[in-house]
Amino acid sequence: MAMEEQLNLLKEEALAKIAAAANSKELNDVRVAYLGKKGPITDLLKGMGKLPAEERPKMGALVNVVRQEVTEVLEARAQLLEEKAIQEQLEKESIDVTLPGRPLKVGSKHPLTKVVEEIEDLFISMGYEIAEGPEVEKDYYNFEALNLPKGHPARDMQDTFYISEEILLRTQTSPVQARTMEKKQGAAVKIICPGKVFRRDNDDATHSHQFNQIEGLVISENITMSDLKGTLDLFAKKMFGQEREIRLRPSFFPFTEPSVEMDISCFKCGGDGCSLCKKTGWIEILGAGMVHPNVLEMAGYDPKKVSGFAFGMGQERIAMLKHGVDDIRHFYTNDVRFLSQFHRTEQ
Amino acid sequence: MLVSLKWLEQYVDLQGLEPAVLAEKITRAGIEVDGVADLAEGMKKLMVGEVKEKVKHPEADKLNICQVDFGEEELSQIVCGAPNVAVGQKVIVARPGAHLPGGKIKKAKLRGEVSNGMICSLQELGIEGKLVPKEYSEGIFVLPAETPVGADPLEVLGLYDTVLELGLTPNRSDAMSMLGVAYEVGAILSEDIKLPELDYKESAEKASDYLKLRVDASVENPMYVAKVVKNVKVAESPLWLQQRLMAAGVRPHNNVVDVTNYILMEYGQPLHAFDYDRLGTGEIVVRLANEGEKITTLDDKERTLNTKNLVITNGKEPVAVAGVMGGLNSEVHDGTTTVVIESAYFEGLSVRYTSKDLGLRSDASARFEKGLDPNRVIPAAERAAKLLAELAGGEVLAGSVVFDELDKTPSKVIVSPDFINARLGMKISLDDMVSILKRLKFDVETANGMLYVDAPTRRQDIKIEEDIVEEIARLYGYDEILTTMPIGESTPGGLTAYQAKRRIVRSYLEGVGLYQALTYSLTSDALSQKYALETASVTKLLMPMSEERSTLRQSLIPHLVEAASYNVARQADTVALYEVDSVFLGLTEEGLPLEEEHVAAVITGNWLDHAWQGEQKKVDFFVLKGIIEGLFDRLGLADAVAFERATVAGLHPGRTASVLLNGKRIGLIGQLHPTEQKANGLKETYVMEMNLAAILEVSTEALVYVPVPRFPSMSRDIALVVDRSTAAADLEAIIRQAGGTLLKDVRVFDLYEGDKMEEGKKSVAFSLQYFEPERTLTDEEVVAAHDEVLKALAEANAQIR
Ligand SMILES: [Zn+2]
C-alpha cells in the first residue's frame, strides 16, 4: 500500500476513535496510540528513510498535516470532555442554599452597659472624664459632703443599707463627685460618674435594691444654669432623637440650688399625650441643678469664684424608656432570652 | 398633701382656672401635682330622700324594706341592707338611672321585693373607708335633719370639688398647709391672700386663772401657748368641716378633735386638745421624760419612755408625748366641757427622734420634723378658739398661757442682681426680680444695686443667695432660660487606660460568645465566699432586709451559677455568661472594704451546635481555657499566663486549675463539682473567675512588628509515652528549654489515653518548628538541636516512641 494511502487510513481510524472516546482517559489512550513515540504515525515517519529522496519532503509535509489535524481534533474533543466533566461535577455538588448556616457564637453587652457606654462616649467627645469610686462608702461622702448632715429630713428620701454607723452602701453615685472634687483641689472638674447604688427597697417591677445611676459634674468659673440646660438639651437629642425638646421643672435636691427635673417631649407620641407619658406629652428623665455652695465649700472650692452644675439619672430608667422594657427585674435576672435581644445596632 | 380647691378658694382667687390648668401651673413653678381628682367623678342623678317607713324583709334577716319620700306624690320602695337605717333619716339615694363609681343603678328585685335603687354609704360615693366617720363606717351615711328632701346630695356634701395631690419635696414643708399652698398659688397667679378670721368674744375669766404653765426643756420646746375654752358641747362637726377633712385625707371624729385637725391642715400648726378636768391639776409642765416612765397613748398602747423623749405632764405624770401623740388619760370625750388647746413649737430633731423611737408617725409629727413657721403658733391657737366658740358653743377664756423663747426673726438675704443673672446665665431686670419677690410676699428693698430680702418665716428653706436665685428662676420660668454650652479651658477627656482595657475585655468576651450578666452584690452569708479566689473578712449589713441579701460577696461565681440554673430551668440548652464587677475583701486603711474588680464566666450546654450537619460539641474545660488564653493574647500577655492544677471547694477536683500571671495566682477555672451541678439542675458546667484589676495593671510593651520569616521552617514530631499524671506543660517546658534558640514553636497535636496504652500511661505528641528568620537552616543544625530535645526528654523519663 502506498504510504499516502496508509496515512489516510490511519487518520480516519484515529478520528473515529477520538470521536468515540467517552472520557479524558479514553482520549488519552487514543493520543498515546496514534501520536505517541511508539505510535503508527511515528512509525511512518521512521519508515520514510526508505523513500526516494525527492519524495521525502512531500511525504514529510503530508505526515505533519495529518498529525496536525489529528492533534487539533483531539484537543477539541479533550476540551469538550473536560467541560462535560465539570458540568457533571457541578450538578453533583449542588446544595440547598436555604438550609441554615453554621451559627457563630455571639454574645453581647448588657443593655445597661450599652446605655452607659453611649452616654460616656457622648460626654467624652465633649471633654469629660469618667470617674469611679467605691460602692461601700463613708456616710461623710454619701451624705455629709453633699449637704445632707446627720438628721437632715431629706435623708428619709433614701433608705440606706448601713454597714456601721459611719459606713454604708452608697445610695447614689454623687459621693464620686465629692471625692473627685476633693482630689482636684480647686481645679476645674468635668466628669461623668456611672455606677451601682443600693437602697432599702423590696424588689418589684419598678424597684430594685440594687440599681445603677450615671451622673455628670462640671465645675469651673462662670458655669451657668443656661450651660446646664444646653448640655442637657444636647444629651436628650443624642439619646432620644433630634426632634426631642426638653423642659426644666423646679425640684429639690440637697446638693444643688437651684434644683430642677428635666422632662423630654414624649418620643412615642411626639407630645400629643399617650400612655407612656401618662397623657402629659412629657417624660421625666433626670434631676439636675447648680452645685450647692455648701458642697463646693466642703470640697475646698470658693463658691464666690467658681460655680458648677450636676445632673444624674437612673440607667435602668433610660434603658427601660429606650427599649420599652416594662420590669426592672429583667436587668438582673439574666434571662438569655432577654439579654440576647441587645446585640444588634440601632442605626 | 391633698388640697381641696373649694377650700383653697377661701384664701386666694383661683381666677376660674380649670383644675388641670392650675395643676400644670403649680407643677411648672416647683411643686409637683401628682394627681387631680374630681370628687364627683362617675356620679350623677343622686337624690336626698327621707325614710318614712321601715319593715323587716320577710325573706331575709338583714334586709329592710323602706318607703322613701322624695317629695313626690308617692313614696318609693327601697330595700336596704344597712344595719343603721331608721325612720326619719335623711339619706343619700341612688335611684334607677343614677350613676355611682361602682356603676349604673337599675330597678331590682331583692328576694322577691322591688327596690327602686339603693340608699348609699359614703364608701359607695367613692370615699375611702378609713376616712368615713366611725359611726357611719359600717352603714349608710345620715344627713343632717334640716337637709331638704329632693336635694342633690353631692351639693349637700360639698363633693362638687377637685382635690390636687401635691408631691412635696422636703424643702417645701411650707406647702404642708392650705395657707402655704395659697401663698404659692398667689405668687404664681399674682393674687393676694385672704387670711382666716380670728375674732371671737372673750369671757371675763382669764385662762391664767385656770392654768399654770412651766417649761423645763426650752431647747426642745422653745414656745408653748395654751388657751382654755369652757362649756364646750362635744358633738358631730358640721358637714362642711367633715367634708374638708375627708378631702384632706383626715377622718372626722367630733367637733373638738376636728377643729384641731382642721387647723393643722389650714396653718400647718399641730394642735392638741386636753380635757381640762381630766388633766386634774390645773397645771402643765413640759419636760424630758424620766428613764422608764410610762404613758398609755391614744391608741391604747402603753409606751415606755426614755430621757430623750419630751413629754407634757400635769405636774405629776405625762399626759402626752410632745408632738407625737396624746395620752389616753387626758383625752377629750363626749362628756368633756372644758378644753385646753395646746399650740406649741417642738424642736424637729426631738420629735423626729421620739416618733422614730416609738414607731409613731402622724401628720403632726411630720410637720414638727420639717420645722414649723414660728409666727403661726399664736394665730393657730386663736383660730382654734374662734372655731370652738362657733362650732362647739364654747366660751373662750381671756388671754393665753404662754412660754416663749422662740426666735421669730425672718432670715435676711442680701444678693446682687448680677449674681442672680450670673448663676442663671440670663439678663433679668432688677424690676422683674423685685416684682417676683413681691408676688411671693417676701419683704424686699433695693439699695446700692443690691436686693435686701426678708424671707417670711413660713419659708424656712430660704437662707442663702442661691435660694433667691431659685425663687426668681422658677417664677420667671425655666423655659426662658437660654441653652448654651460651658466655655473655658477645653479638656481632652477620655477613658483611663484601665477603663479602655476593661472595655476591650468585655468586647472580647462578647465576641467569643458570652453575654454580659449583671447580678447582685449582696448575697447570703453561705454564698459570700463560695468558690472565692481569695477570702478575707466579710462585710455584712447592719439591718439586712433578708438573709439572702445580707452580705457583700467575695466571688462572682455563685450568682452566675444561679443565672445559669435559672436559664436551664427555662429550656435554654446553652448558657454562656460573664460578669465584670467588684468583690469586697476585708478592710482597707480607710476603713472601707477593699473593692477588687473581677471578671467571671459560666458556660454550660453545647459550645458548637449545628444540628442538621450533625455537628455538636459540648462545652468542656478547654473551651473555657481557650477563651481565657485568647483574652490574655488580646491583652498582649499570652506569654505571661500559665495554668496549674488546683483544688477549690465546690469544683471538680480533677478539672480545676489556677490561672497564673507572671507566676502569681490571679484566677481559677474549673468544672462545677458534680454535686453542685446536680443541686443547681445543671449538666456539665464550667466556671472561671479572675482578678481583673491584677490583669489590667500589667502594662504591655509597644507593639513593634516582627519580620515575617522569609526562609522555610523545619518541622519535627515527637510522640512520648509518659505517666498519666505528667503535665503536658511540663513536657513542653523541657522541650523549649532543650531546643535552644532555633526552636521557635512547640505544639501538642495528639493525646492518647485509651486502652491500647499500658495502665497509668498516656501518649502525648508534640510538633516542633525550627527556623531562623534570616537564613535557611541546615539539616545538621536541626538534628543537633533536636537531639538535645530527645536527650532531655529521655532524662525526664519520657519514653520516645
Ligand atoms: Zn406620649
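The values are calculated or read from the model by the stated rules, or taken from the named source; none is laboratory data. Note that the coordinates shown come from a computational prediction; the quantities given were computed from them, not determined experimentally. Neighbour counts run over all protein chains shown; Cβ positions are idealised from the backbone, glycine included. Accessible surface is based on the protein model in full, side chains and every heavy atom, while ligands, DNA and RNA are left aside. Shrake-Rupley method; radii C 1.70, N 1.55, O 1.52, S 1.80 Å.
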Most to least accessible of A:282, B:612 (protein chains only, probe 1.4 Å): B:612, A:282
Convex hull projection area averaged over all views, the stretch A:207-283, Cα basis, nm²: 6.6
Exposure rank, largest accessible area first [A:263, B:61, B:730; 1.4 Å]: B:61, B:730, A:263
A student asked for the Cα radius of gyration and Dmax of the stretch B:202-404 in angstrom ought to give 15.5, 45
Between helix B:377-391 and chain B, what is the angle of the helix's C-alpha long axis to the longest principal axis, kept within 0 to 90° and rounded to the nearest 10? 50
If you keep only loop residues by DSSP, which GluC sites (Glu not before Pro) in the stretch B:578-653 have at most 10 other Cβ atoms within 10 Å of their Cβ? B:589, B:590
Considering only protein heavy atoms, what is the solvent-accessible area of residue A:246 at a probe of 1.4 Å, reported in Å² to the nearest 10? 20
Can you pull the percent of Cα pairs in the stretch B:680-766 with separation above 20 Å? 64
Sort B:17-28, A:229-240 by the packing proxy (mean of other Cβ within 10 Å over each peptide's residues), most packed first. A:229-240, B:17-28
Shielding by partners, peptide B:583-593 (average Cβ within 10 angstrom, other chains): 3
Chain B: translational diffusion in µm²/s, Stokes-Einstein, Kirkwood Rh over Cα pairs, 20 °C, 1.002 mPa s: 61
I need the Kirkwood Rh of the stretch B:44-156: take the reciprocal of the average 1/r across all distinct C-alpha pairs and report it in angstrom. 14.0
Counting partner chain Cβ atoms within 10 Å of every residue's Cβ in A:252-258, what's the average? 6
So how much accessible area does residue B:57 have, in Å² to the nearest 10, using a 1.4 Å probe? 10
Just the accessible area per residue of the stretch B:411-474, please: how many Å² with a 1.4 Å probe? 42
Could you report the stretch B:714-800's accessible area per residue, 1.4 Å probe, as an integer in Å²? 59
What's the average, rounded to a whole number, of partner chain beta-carbon atoms within 10 Å of each residue's beta-carbon in B:422-433? 3
Overall Cα dimensions of the stretch A:3-93 - principal axes, largest extent first, Å: 60, 19, 17
Distance between Cα centroids, the stretch B:210-257 to the stretch B:760-781: provide it in whole Å. 100
Mean projection area, nm², convex hull over Cα of the stretch B:497-696: 12.5
How much accessible surface does residue B:328 have with a 1.4 Å probe, in Å² rounded to 10? 60
How about the protein assembly as shown: what cysteines have no other cysteine beta carbon under 4.7 Å from their own? A:193, B:66, B:80, B:120
Trypsin sites (Lys or Arg not before Pro) restricted to the stretch B:82-189 and DSSP loop, no more than 16 other C-beta within 10 Å: B:106, B:107, B:111
Using C-alpha positions alone, give me the convex hull volume of the stretch B:5-74 per residue in cubic angstrom. 196
When you take every Cα atom in the stretch A:240-340, what is the radius of gyration, and what is Dmax, the widest Cα pair distance, in Å? 17.4, 54
If you bin the C-alpha pair distances of the stretch B:361-408 every 10 Å from 0, what whole percents do you get? 20, 41, 33, 5
Filtering trypsin sites (Lys or Arg not before Pro) in the stretch B:287-339 by DSSP loop and by at most 15 other Cβ atoms within 10 Å leaves B:301, B:308, B:316
Residues of the stretch B:502-532 losing 20 Å² or more of accessible surface, assembly versus chain alone, probe 1.4 Å, please list them. B:502, B:503, B:506, B:510, B:513, B:515, B:516, B:518, B:519, B:520, B:521, B:522
Residues meeting the amide H criterion for residue B:53 (H placed from the backbone, H to H distance under 5 Å, 5 or more places apart or on another chain) are B:67
With a 1.4 angstrom probe the carbon and sulfur portion of accessible area for the stretch B:497-696, in percent, totals 51
Accessible-area order for B:714, A:313, largest to smallest, probe 1.4 angstrom, reads B:714, A:313
At q = 0.05, 0.08 Å⁻¹, base-10 log of I(q)/I(0) for the protein assembly as shown (Debye sum, equal scatterers on each alpha carbon): -0.55, -1.06
Which whole-Hz ³J(HN,Hα) couplings does the stretch B:162-177 yield from phi under the Karplus relation 6.51 cos²θ - 1.76 cosθ + 1.60, θ = phi - 60°, glycine and proline marked x? 10, 10, 8, 9, 9, x, 8, 7, x, 6, 9, 5, 4, 8, 8, 8
Determine the equivalent ellipsoid of chain A by diagonalising the alpha-carbon gyration tensor, then write out the semi-axes as square roots of 5 times the eigenvalues, largest first, rounded to whole Å. 92, 23, 19
In square angstrom, what is the accessible area per residue of the stretch A:1-133 with a 1.4 angstrom probe? 63
Rg/Rh of the stretch B:411-474 (Cα atoms, Kirkwood Rh), to two decimals, equals 0.91
